[in-house]
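The values are calculated or read from the model by the stated rules, or taken from the named source; none is laboratory data. Please read these numbers as outputs of a predicted model, since none were measured by experiment. Here the Cβ is made from the backbone with ideal geometry for all residues, glycine too, and neighbour counts use every protein chain on show.
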Amino acid sequence: MSVPVVLFTADLRLHDHPPLRAALDGGGPVVPLFVRDRGVADAGFAVPNRLAFLADCLRDLDGGLRERGGRLVVRSGDVVEQVCAVAAEADADEVHMAADVSAYAGRRERRLRHALEAAGRRLRVHETVTSAVAPGALTPASSDHFAVFTPYYRRWSGQPLREVLRVPRSVPVPAGIGSEDLPSRVAPAGLSPGLPEGGETAGRARLADWLRSGVAGYEDRHDDLAGDATSRLSPHLHFGTVSAVELVRRTRRAGGPGAEAFVRQVAWRDFHRQVLAARPDAAVADYRTRHDRWRSARTARADVEAWREGRTGYPVVDAAMRQLRHEGWMHNRARLLTASFLAKTLYVDWRVGARHFLDLLVDGDVANNQLNWQWVAGTGTDSRPNRVLNPVAQGRRYDPDGAYVRRWVPELAGVPGPAVHEPWKLRGADRERAAAYPEPVVGLTEGLARFRQARLPR
Ligand code: FAD
């Protein structure tokens, strides 16, 4: 008997899962499969924080399947070879999987389709599993994608979303399809100590909690660095332990203050995904070149090291970079100002910063990370490509009392109030308290002059 295979990728959940639903609609057993893809590791994406979160996700997914009479089949190696092998063992006519947007995902889909068809099987790729609105579903009159967010958002808001699918009651899986052990969350070197817990159970709990008591304050508080008043759902959206369709639908249904501002932010995710789907090279190359002659990780080594380690001498930048290392996550405002500091004030190639973020972020995501970096660097979709965020002004505005800085920079923990944002101006006892904190790696005027000279037409 032919048993369909469901290949899980960035959709590690049982709720609202169109590929699983389609496979179960056949009425018989299915093979839920996850491949620990060698290609992902070879491309440098298998970093400790995301591997640990992934291990949680797989354990939770397997647990959910077992409660429904099934189990997760795990294999490792080349994804195409492994899927084909499992499909042969199950004598599958069909393999179901979610559509995704990166160049790697595109290659994977093409290779898989080709190999399966050569064996007389069919690949069925489902849209709106990893996005709320499928990339390519909305296009302006004269292009294959939107390059400006506001008109995209207008169209996105009016787009009907598909119904949320219920979690299946039972997922029968045939015996005799072998599986490797689930990977465990061992503590490899480089793991952030404050990493959140992964998995659909944790994701759904966070979602429920957020809708109950977080989203109402979102519009007013989302930029408050110390308040930490954003959803922290990004790793769950990245690994698909929360469905974007379900998130948007439930937020809209809950309504109330904050709901639309929050949904708008989720639309940024789809916006970047549709840019990357249309321009996969934007993961590595300027979306709109400004003919920069960036300083590289080698030519600006000391500055890059100071930035990575959170000792640039600019407190809010350093707080954010230390939060990243400790939690594998960073607040959006902090991402904006640290990225601006590297790309513009230090004039270092945005790819150097994007790589460091991808090495640590638990939500590290090609579309969101690379295109946000390009947005900040001025090579992306920002209509004001030469704006530079001043880290002192940003600190004073988004961390007005300095509490965020004191939380992450112990050398400044004894300095009260907003004065913490300009330690070079401290006098007397406060100066002594801050004595262990480094001097700025560059003056802001000097950094700005270098950027302007390099970037602006003479
Ligand atoms: P919330 O404010 O609660 O927002 C809800 C969701 O909306 C987020 O989970 C995210 O999926 C989406 N979202 C929010 N802001 C953005 C945005 N600016 N662009 C796209 N989607 C957004 N996000 C990632 O998921 N992965 C990344 O690798 C990533 N790298 C970034 C790098 C830089 C330089 C910048 C400026 C932003 C980056 N972002 C990235 C976007 C954003 O910072 C995070 O999604 C957000 O901080 C996650 O926290 P949250 O879930 O609490 O967000």
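Quick notes on this one:
- Verdict on GLN323 being within 13 Å of the ligand (Cβ to nearest atom), farther than 27 Å from ALA419 by Cβ and polar (S, T, N, Q): no
- Where a residue in region 48-59 is touching a residue at least 12 places away in the same chain (Cβ under 8 Å) and its partner, wherever it lies, is among the aromatic types (Phe, Trp, Tyr) and in a helix (DSSP H, G or I), with Cβ under 7 Å and at least six apart: PHE53/PHE239; LEU54/PHE239; CYS57/PHE239
- When we screen GLU89, GLU180 for residues that are touching a residue at least 60 places away in the same chain (Cβ under 8 Å), within 22 Å of VAL31 (Cβ to Cβ) and in a loop (DSSP other than H, G, I, E, B), the only hit is GLU180.
- Residue match in region 137-148 (condition: assigned to a helix (DSSP H, G or I) and at pLDDT 95 or above): no
Here is a yes/no grid of residues against (1) surrounded by fewer than 22 Cβ atoms within 10 Å (Cβ to Cβ); (2) outside any loop (DSSP other than H, G, I, E, B):
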position: MET1; (1), (2): yes, no
position: ALA22; (1), (2): yes, yes
position: PRO32; (1), (2): no, yes
position: GLY39; (1), (2): yes, yes
position: ASP60; (1), (2): no, yes
position: ARG66; (1), (2): yes, yes
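- Whichever residue in region 238-272 is acidic (Asp, Glu) and surrounded by 18 or more Cβ atoms within 10 Å (Cβ to Cβ) and, among such residues, is farthest from LEU14 (Cα to Cα): ASP270
- Considering only residues in region 160-205 that are at positive phi and under 20 Å from the mean Cα position of the chain (by Cα), the one that is surrounded by the most Cβ atoms within 10 Å (Cβ to Cβ) turns out to be GLY199.
- Yes/no for ALA105 being under 25 Å from LEU233 (Cα atoms), not assigned by TED's automatic domain parsing to the domain that holds VAL245 and not in a strand (DSSP E or B): yes
- A single entry from VAL348, VAL352, VAL388, VAL362 fulfils the requirement of being aliphatic (A, V, I, L, M), within 16 Å of the ligand (Cβ to nearest atom) and under 24 Å from PHE149 (Cα atoms): VAL388.
- Residue ranges of helices (runs of 4 or more DSSP H) in region 206-318 with at least 2 members under 18 Å from the mean Cα position of the chain (by Cα), near the ligand (Cβ under 10 Å from one of its atoms) and of a type in the set (Phe, Trp, Tyr): 259-278
- Boolean, GLY443 is at negative phi and without any contact (Cβ under 8 Å) to a residue 12 or more places away in the chain: yes
- Qualifying positions in region 333-347 - crowded, with 23+ Cβ neighbours inside 10 Å and aliphatic (A, V, I, L, M): ALA334, LEU337, ALA339, LEU342, ALA343, LEU346
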